[in-house]
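The values are calculated or read from the model by the stated rules, or taken from the named source; none is laboratory data. Every value quoted in this text rests on a predicted model; they were computed, and no experiment measured them. For neighbour counting, all protein chains shown are included, and Cβ atoms are generated from backbone atoms with ideal geometry for every residue, glycine included.
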Amino acid sequence: MRPTIRRRLASLTYESLLLVGVLSVTFLLPYMLAGMIWQIEAPGWVEWLHLTLTLAIYFPWLWCHGGQTLAMQTWKLRLVSAANGGAVTLAQALLRYTIAWLSLLLFGAGFLWAIFDPDRQFLHDRLSGTRIVLIE
(Lines give C-alpha, C1' and ligand atoms only; values in the text may rest on other atoms or scores of the structure.)
Protein backbone atom coordinates (compact mmCIF):
# COMPACT_ATOMS: atom_id res chain seq x y z
CA MET A 1 0.00 0.00 0.00
CA ARG A 2 1.23 3.49 -0.85
CA PRO A 3 1.68 5.95 2.02
CA THR A 4 0.41 9.47 1.54
CA ILE A 5 2.77 12.33 0.82
CA ARG A 6 1.68 13.85 4.13
CA ARG A 7 2.78 10.75 6.06
CA ARG A 8 6.16 10.68 4.29
CA LEU A 9 6.74 14.38 4.97
CA ALA A 10 5.75 13.91 8.62
CA SER A 11 8.28 11.09 8.84
CA LEU A 12 10.95 13.36 7.30
CA THR A 13 10.16 16.06 9.84
CA TYR A 14 10.41 13.58 12.71
CA GLU A 15 13.64 12.24 11.21
CA SER A 16 15.18 15.71 11.31
CA LEU A 17 14.41 15.92 15.03
CA LEU A 18 15.89 12.49 15.71
CA LEU A 19 19.04 13.44 13.80
CA VAL A 20 19.78 16.03 16.49
CA GLY A 21 20.35 13.14 18.91
CA VAL A 22 22.28 11.03 16.42
CA LEU A 23 24.57 13.90 15.50
CA SER A 24 25.01 14.91 19.14
CA VAL A 25 26.46 11.50 19.93
CA THR A 26 28.43 10.86 16.73
CA PHE A 27 29.55 14.37 15.85
CA LEU A 28 29.14 17.05 18.49
CA LEU A 29 30.20 15.04 21.55
CA PRO A 30 33.59 13.88 20.17
CA TYR A 31 34.54 17.41 19.09
CA MET A 32 33.37 18.92 22.34
CA LEU A 33 35.35 16.39 24.39
CA ALA A 34 38.46 16.81 22.23
CA GLY A 35 38.29 20.55 22.75
CA MET A 36 37.71 20.36 26.49
CA ILE A 37 40.22 17.61 27.29
CA TRP A 38 43.05 18.19 24.79
CA GLN A 39 42.27 21.79 23.76
CA ILE A 40 42.34 20.85 20.07
CA GLU A 41 40.02 21.98 17.36
CA ALA A 42 39.57 20.10 14.10
CA PRO A 43 39.79 22.07 10.86
CA GLY A 44 36.45 22.91 9.28
CA TRP A 45 36.97 20.54 6.36
CA VAL A 46 37.49 17.63 8.79
CA GLU A 47 34.25 18.48 10.58
CA TRP A 48 32.34 18.64 7.29
CA LEU A 49 33.85 15.35 6.15
CA HIS A 50 32.95 13.71 9.47
CA LEU A 51 29.38 15.04 9.29
CA THR A 52 28.98 13.89 5.69
CA LEU A 53 30.36 10.42 6.39
CA THR A 54 28.24 10.03 9.53
CA LEU A 55 25.03 10.69 7.62
CA ALA A 56 26.20 8.75 4.56
CA ILE A 57 26.67 5.69 6.77
CA TYR A 58 23.61 6.16 9.01
CA PHE A 59 20.90 6.29 6.36
CA PRO A 60 22.10 3.68 3.83
CA TRP A 61 23.01 1.22 6.58
CA LEU A 62 19.53 1.41 8.14
CA TRP A 63 17.83 1.25 4.74
CA CYS A 64 19.82 -1.89 3.82
CA HIS A 65 19.30 -3.53 7.23
CA GLY A 66 15.56 -3.60 7.77
CA GLY A 67 14.53 -0.80 5.42
CA GLN A 68 13.63 1.60 8.22
CA THR A 69 15.02 4.41 10.31
CA LEU A 70 13.45 5.07 13.71
CA ALA A 71 11.20 7.74 12.20
CA MET A 72 10.09 5.33 9.46
CA GLN A 73 9.28 2.72 12.11
CA THR A 74 7.20 5.25 14.02
CA TRP A 75 5.24 6.21 10.91
CA LYS A 76 4.99 2.57 9.72
CA LEU A 77 7.01 3.12 6.55
CA ARG A 78 9.57 0.83 4.94
CA LEU A 79 11.97 1.34 2.05
CA VAL A 80 11.92 -1.52 -0.46
CA SER A 81 13.24 -2.20 -3.91
CA ALA A 82 10.71 -1.12 -6.53
CA ALA A 83 11.61 -4.11 -8.69
CA ASN A 84 10.78 -6.91 -6.28
CA GLY A 85 9.57 -5.39 -2.99
CA GLY A 86 12.59 -6.84 -1.18
CA ALA A 87 15.52 -5.25 0.60
CA VAL A 88 17.34 -2.43 -1.13
CA THR A 89 20.93 -2.90 -2.24
CA LEU A 90 23.77 -0.75 -0.97
CA ALA A 91 24.05 0.84 -4.41
CA GLN A 92 20.36 1.79 -4.34
CA ALA A 93 20.65 3.17 -0.82
CA LEU A 94 23.71 5.29 -1.64
CA LEU A 95 22.12 6.58 -4.84
CA ARG A 96 18.89 7.43 -2.99
CA TYR A 97 20.85 9.20 -0.26
CA THR A 98 22.87 11.27 -2.77
CA ILE A 99 19.87 12.27 -4.88
CA ALA A 100 17.84 13.18 -1.79
CA TRP A 101 20.57 15.60 -0.66
CA LEU A 102 20.77 17.12 -4.14
CA SER A 103 17.01 17.51 -4.05
CA LEU A 104 17.19 19.36 -0.74
CA LEU A 105 19.93 21.63 -2.07
CA LEU A 106 17.70 22.44 -5.04
CA PHE A 107 15.00 23.79 -2.74
CA GLY A 108 13.24 20.44 -2.36
CA ALA A 109 12.60 19.96 -6.09
CA GLY A 110 12.80 16.15 -5.82
CA PHE A 111 10.27 16.17 -3.00
CA LEU A 112 7.91 18.40 -4.98
CA TRP A 113 8.24 15.87 -7.79
CA ALA A 114 5.86 13.62 -5.82
CA ILE A 115 2.99 15.99 -6.59
CA PHE A 116 3.33 15.19 -10.30
CA ASP A 117 4.57 11.60 -10.14
CA PRO A 118 1.84 9.09 -11.04
CA ASP A 119 2.76 6.89 -8.04
CA ARG A 120 3.40 9.91 -5.76
CA GLN A 121 7.04 8.83 -5.31
CA PHE A 122 9.83 11.27 -4.52
CA LEU A 123 12.37 11.75 -7.30
CA HIS A 124 15.14 10.05 -5.30
CA ASP A 125 12.97 6.94 -5.00
CA ARG A 126 12.07 6.98 -8.67
CA LEU A 127 15.70 7.33 -9.80
CA SER A 128 17.19 4.84 -7.32
CA GLY A 129 14.64 2.11 -8.00
CA THR A 130 13.23 2.19 -4.47
CA ARG A 131 9.79 2.72 -3.05
CA ILE A 132 8.39 3.68 0.34
CA VAL A 133 5.58 1.37 1.40
CA LEU A 134 3.13 1.49 4.27
CA ILE A 135 3.28 -1.44 6.66
CA GLU A 136 0.49 -2.38 9.04
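Against the criterion of being crowded, with 16+ Cβ neighbours inside 10 Å and over 15 Å from the mean Cα position of the chain (by Cα), ALA109 does not qualify. Quick check: anything in region 52-70 among the small types (Gly, Ala, Ser) and without any contact (Cβ under 8 Å) to a residue 24 or more places away in the chain? Within region 52-70, one or more residues are among the small types (Gly, Ala, Ser) and without any contact (Cβ under 8 Å) to a residue 24 or more places away in the chain.
Residues in region 100-125 that are free of Cβ contacts under 8 Å to residues at least 24 places away in the same chain and among the acidic types (Asp, Glu): ASP117 alone. Checked against (1) at pLDDT 95 or above; (2) over 15 Å from ALA100 (Cα atoms); (3) out of contact with any Gly (no Cβ under 8 Å at 6 or more places or on another chain), HIS50 meets all criteria but (1).
CYS64 meets the conditions (1) more than 17 Å from ALA87 (Cβ to Cβ); (2) out of contact with any Phe, Trp or Tyr (no Cβ under 8 Å at 6 or more places or on another chain); (3) modelled with pLDDT of 90 or more in every case but one. The failed one is (1). Filtering region 1-47 to residues that are part of a loop (DSSP other than H, G, I, E, B) and touching a strand residue (DSSP E or B) at 6+ places or on another chain (Cβ under 6 Å) leaves MET1, PRO3. Total residues in region 89-99 satisfying the condition of being free of Cβ contacts under 8 Å to residues at least 40 places away in the same chain and either part of a loop (DSSP other than H, G, I, E, B) or buried (at least 17 other Cβ atoms within 10 Å of the Cβ) (or both): the figure is 7.
Per-residue answers, yes or no, for (1) closer than 16 Å to ARG131 by Cβ; (2) in contact with a His (Cβ under 8 Å, 6 or more places away or on another chain); (3) β-branched (Val, Ile, Thr):
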| residue | (1), (2), (3) |
| --- | --- |
| ALA10 | no, no, no |
| GLU15 | no, no, no |
| LEU28 | no, no, no |
| ILE40 | no, no, yes |
| TRP63 | yes, no, no |
| GLY67 | yes, no, no |
| GLN92 | yes, no, no |
| PHE107 | no, no, no |
